[in-house]
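Each remark here refers to the structure printed beneath this line.
The numbers here are math on the coordinates, done by the rules we state, and not lab data. No experiment lies behind these values; they were computed from the predicted model shown. Backbone-built Cβ (ideal geometry, glycine too); neighbour counts: all protein chains shown.
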Amino acid sequence: MSQYVLRRLLIAVPSLLAISLVLFVVLALAPGDPFSELATNPNVPPEVQAALRAKFGLDDPIYLRYLHWLNAMLHGDWGFSFVSRMNVDTLILQRLPATLYVIGSAQILALLIAIPVGVYAATKPYSLFDQIANTLAFVGFSLPTFFTGILFILIFSVTLDWLPFVYTTDIKATGIRWVLEMIRQAIMPVAVLGLFQAASMTRFVRSAMLDVIRLDYVTTARAKGLGQTTVIIKHVMRNAMIPVVTLIALQMPAVFGGAIVTEQIFRIPGIGSLLISSILSNDTPVVMAVTFVFACLVVLFNLIADVLYGWLDPRISLR
Amino acid sequence: MLEKELRSMIGQVKDGRMDRRAFVKRLAAVGFTAPLANQLLALGGVAMAQSPAVYKPTKRGGGGPLKVLWWQGPTLLNPHFATGTKDQDGSRLFYEPLASWDADGNLNPILAAEIPSLANGGLAADAKSVVWKIKPGVKWHDGKPLTADDFVFTWQYASDPATAAVSISTYGDITVEKVSDLSIRILFKTPTPFWANAFVGAYGCVLPKHLFAEYKGSKSREAPNNLTPVGTGPYKFVEFKPGDVVRGELNPDYHMPNRPHFDTIEMKGGGDAVSAARAVIQTGEFDFAWNMQVEDDVLLRLEKGGKGKTVYATGGDIEFIAINFTDPNVEIDGERSSIKTKHPILSDPNVRKALALLVDRDSVKKAIYGRAGRTTANYLNGPEKFVSKNTSWEFNIEKASKMLDDAGWKVGADGVREKDGKKFKLLYQTSTNGPRQKTQAIVKQACQKAGIDVELKSVVASVFFSSDVANPDTYPKFYADIEEFQIPMTQPDPALHMRRYISANVATKENKWQGQNFPRYVNKEYDDAIAAAETETDPVKRAALYIKCNDLLWQDTVFIPVMHRLLVDACSNTLRPALSGWANRTDNIQDWYREA
């Protein structure tokens, strides 16, 4: 097992290297530099802009810049933001808690909805409950998060005035009030992200359950006289969860992607909004670092999925 | 008796305990006219109408929290590294300059004891130096006193190329020397009629020498105070998360009486303009939102029965269509739009005039800019004393068609004009942006009616405004016949704004297209007028010269001004912000208050 994990980690190294190379080259070829805002400012002569470019090494050839970056990265130096003039890792660490809080809660919400609803719908296929759940799921994953986000704001903030739509990181309160405020301001973004996830997951859980529920061993279990709950939870769910785990793991990057839009709409200071503002201001080191973090997450979650398989289904041998 | 009372009242106005209007009213009660009262104030050392913003609060603090929304949040808090206005706005909460610009483009003293003038001996007659007196008793947030040394240091810091400060353009060509502990002298190499650049406005913020002295030059980016500012401003630094939030609290030792009004300030970043407008106007979660680049229709809809409104400040930002004087389709020595060529169609002044007649500025204003724009014939739109009254504009398709007929461009079989077998076709480029592309459509329609075939092109802003030498689509390369964008006017003086278009500044391959004269306009008369204006010390003659320059640009139709754009912000109904179109939004933050 540990040997397997180790080998997978070693395989991850060249793929991460390749990813970083592609990212770097694409970013280097993209037009614009972080000082373009100075271009139309008549107060700033073009020489100043040229000097700044030289100072930040933007005039070096691409391969040299990549090697510099790689070397610094190996030493744990994530680079230096052109725009904020501070270290990129500080910038990302500052933003990470908000993203993890929102995405984590959204994912938990999605699971809490998808698994019970999907399982229940599968035990009574084509019943009224199943039909309703199916319809809602279709509606859910047909609506993009940027649309539901704005819809939620219009309904719950503007019309009803129940919830704030600007997320604040430091709420001026302590104890239980702080917790309540944190929850209150996260309701909308978490609901937007969570419901979107839950919709497609419900469909998946349902079909995975249906595949398993018809198998002979389930009939055997029933014939043994086991109760419905035991059969479903102990025998069916465990096997049905294998494809679901894959789906969840592979969807994690998509969740981060969806979070970028949601963070922008609700002004959540997470790494998604950091990515957008950095792209807008052509702050290449930050864009590079954030996209690289996303790449690492994809690799990591794939690995986690593989390890979970072994736990769910001992027949799958990890060699 | 009367004299004694008068003097005490003037004193009160001077340090802000009584406002100007109250003073004038009191005097009116005893039979003095308003102009006379103002004169009395001037004699008493209160400059004329320095601060049109009336400040009502009578004590420091008590205003509660001030929450403002910048949809692009500040990313750093060192005013000398601030590339964009968002960073300057954030820094300005904590750092202060000697003076700021008020709504009319006049100087408003902040750290200065008085505004230098010829009368008080601050300005030299030859315009080669200026002496600023620093207000006594000002303290940095850490308790150290503010002295002339801080100003001299700030100059050394910003003018050192190794520091890589963006304000080097302001400080590079001057020398600053200490006269006494509380006064400095700025020396210019050449006579400089516009002396209020260094230590004024956004790049004028002074840094504390005792905290930055070790971080001058190449070590500049290691300074811990780059992220934790210690200034003299109305608010003390509490917290900063780049791009997300800047927070400050009331500075109990602030040097202006009764200021600031608010106990805390929070500047939140992120999101987009429309939802920022919502948070202020509809839900009232925030008090103020910056830069509402939103169509007027949307704003009007939000404002119906809302908790806030939009506010406007007039500056000199001009949206225009520039005309290429050179040929973008002929390559000479690997360079298109080379100064050695002449535009085959647009080099005829009558054709350019006809083109100007085809821009329906009223429709553009009605359909796009609404309250945020003013139609104008001028390239130079402020301050008032520099605005030409000699120009005019009209929208007249028939007149334009006739002028084109007279110029030899006859309508061909396909409805497009031609001359000597050449079709009247223009490539019209701009940066990708809703309002600009709508303007393109309006202009194209009128041109079609007049028999001109216009091809529209829009370039992503990050490319269009970049200095990338390798990219053909940047605005200085101008590989098109006409192009539209906006040039902001960052200070209430036309010197830099007008200097761009002298012949020496033509953008060429040789100067890597960094010359700022992108229309490639060459006119000896214009060059001479600019040269004369730059050394003219008589303000009236100088204004006349800049008006002449504006009129030359108009006569020669170098630009077709589309819209004089105003700054638009969203503001809660009770907040009274002190805004100026000549300064950043937070440049007079000490004067903001909330009406009870």
Item to complete: Write out the trypsin sites (Lys or Arg not before Pro) in segment A:180-276 meeting two conditions: DSSP loop, and at most 15 other Cβ atoms within 10 Å of their Cβ.
Response: A:Arg214, A:Lys224
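Using 0.36 nm per residue of separation minus the Cα-Cα distance, give me the extension gain between A:Ile132 and A:Thr230 in nm, one decimal. Before the final figure, lay out each step's value.
On the way: separation 98, 0.36 × 98 = 35.28 nm, distance 2.57 nm.
Computed gain between A:Ile132 and A:Thr230 is 32.7 nm.
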Item to complete: Determine which residues of segment A:233-261 fall in the zone a paramagnetic label at A:Leu297 would reach in this model, i.e. backbone nitrogen under 12 Å from the point 7 Å along Cα→Cβ.
Response: A:251-261
Fill in: Tensor-based shape of the protein assembly as shown (alpha-carbon gyration tensor, a/c under 1.5 rounded, otherwise prolate or oblate)
prolate
Discussion item. Let's test the formula: R0 of 56 Å, r as the Cβ-Cβ distance of B:Lys449 and A:Ile62. What FRET efficiency results, to the nearest 0.05?
Written reply: 0.70
Discussion item. Over chain A, what portion of Cα pair distances is larger than 28 Å, expressed as a whole percent?
Written reply: 55 percent
Fill in: Within segment B:425-537: Cβ-based charge dipole about Cα centre, in debye rounded to nearest 20 (Lys, Arg +1; Asp, Glu -1)
460 debye
Practice prompt. Take the alpha carbon atoms of segment B:112-144, find their center, do the same for segment B:423-458, and report the distance between the two centers in whole angstrom.
Written response: 51 Å
Worksheet item: If you wrap a convex hull around the Cα atoms of segment B:498-596, how much volume per residue is inside, in Å³?
Response: 172 Å³
Worksheet item: What translational D, rounded to a whole number of µm²/s, comes out for segment A:159-292 from Stokes-Einstein when the hydrodynamic radius is the Kirkwood one over Cα pairs, at 4 °C and 1.567 mPa s?
Response: 70 µm²/s
Item to complete: Give, in nm to one decimal, the length gained when the segment between B:Lys366 and B:Leu456 is fully stretched (0.36 nm per residue of separation minus the Cα-Cα distance).
Response: 30.2 nm
Practice prompt. Grab the beta carbon distance between B:Leu427 and A:Leu29, set R0 = 25 Å, and tell me the FRET efficiency rounded to 0.05.
Written response: 0.45
Worksheet item: Label 7 Å along Cα→Cβ of B:Val469; segment B:312-354 residues with amide nitrogen under 19 Å?
Response: B:332-339
Worksheet, complete the sentence: So, with points 7 Å from each Cα along the Cβ direction, the B:Lys144-A:Thr174 label distance in nm works out to 3.3 nm
Worksheet item: In whole Å, how far is the Cα centre of segment A:184-260 from that of segment B:368-382?
Response: 60 Å
Practice prompt. Per DSSP H run of at least 4 residues, take -39500 (n - 2.57); add these up for chain B, divide by its residues and hand me the 222 nm value, nearest 500 deg cm²/dmol.
Written response: -7000 deg cm²/dmol
Fill in: Virtual paramagnetic centre 7 Å along Cα→Cβ of B:Ala125, amide N under 20 Å, in segment B:182-214
B:186-195
Fill in: Rg to Rh quotient for chain B, alpha carbon positions, Kirkwood Rh
0.99
Worksheet item: Looking only at other chains, what is the average number of their beta-carbon atoms within 10 angstrom of each beta-carbon in A:256-267?
Response: 2
Worksheet item: How far apart, in nm, are two points set 7 Å out from the Cα along the Cα-to-Cβ line at B:Asn390 and at A:Ala254?
Response: 6.7 nm
Discussion item. Residue by residue through A:82-89, how many Cβ atoms from other chains fall within 10 Å of the Cβ on average?
Written reply: 5
Practice prompt. Provide the gained length on full extension for the span B:Arg221 to B:Phe194, in nm with one decimal, where the gain is 0.36 nm per separating residue minus the Cα-Cα distance.
Written response: 6.6 nm
Item to complete: Give me the percent of DSSP beta bridges within chain B that run antiparallel, rounded to the nearest 5.
Response: 75 percent
Worksheet item: Can you give me the Cα centroid spacing of segment B:224-278 and segment B:560-596 in angstrom?
Response: 17 Å
Fill in: Filtered GluC sites (Glu not before Pro), segment B:385-484: DSSP coil and at most 13 other beta carbons within 10 Å
B:Glu394
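Could you give the alpha-carbon Rg of segment B:121-232 over 2.2 N^0.38 Å, rounded to two decimals?
Values: Rg = 14.0 Å, N = 112, 2.2 N^0.38 = 13.2 Å.
Cα Rg divided by the expected 2.2 N^0.38 Å: 1.06.
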Fill in: Separation of the B:Arg185 and B:Lys438 label points, Cα + 7 Å toward Cβ, nm
5.6 nm
Fill in: Shape category assigned to segment A:74-182 from the gyration tensor of Cα positions, a/c cut at 1.5
prolate
